[in-house]
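Novice: Shown below is the structure under consideration.
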């Protein structure tokens, strides 16, 4: 008998080892199918949704009225028109918005000085665009 045949015969002669069966009637579930895991995941999802919904900005009330510009602009400041002499050597083109607080501050604080010192003197012409 060859060496190979002997090994095969030895394998056949060995007793077959059987695994002892567990006396449990239930089969083991994967961890992700356990009820505790599923309840925990559901609680995390619901909690996350509540946090996201509570931090969302609230819509503005629809019952309010529209508000006007923050300051009253001078009547000579009209879009497309200019203030000052047509022969003034310097033209200041201003692009502004009636709702802009910085534009309102410029008109309120700086424009009277510009008008008094430069526009009335004929040195500056101011052109307004909105």
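A short reminder: the numbers here are calculations on the coordinates, not readings from a lab. All values reported here derive from a predicted model rather than from experimental measurement.
Novice: Subtracting the Cα-Cα distance from 0.36 nm times the residue separation, let me have the gained length for residue 117 to residue 44 in nm, one decimal.
Specialist: 19.5 nm
Novice: Right, next: Restricting things to alpha carbons, find the Rg to Rh ratio for the range 82-129 using the Kirkwood radius for Rh.
Specialist: 0.99
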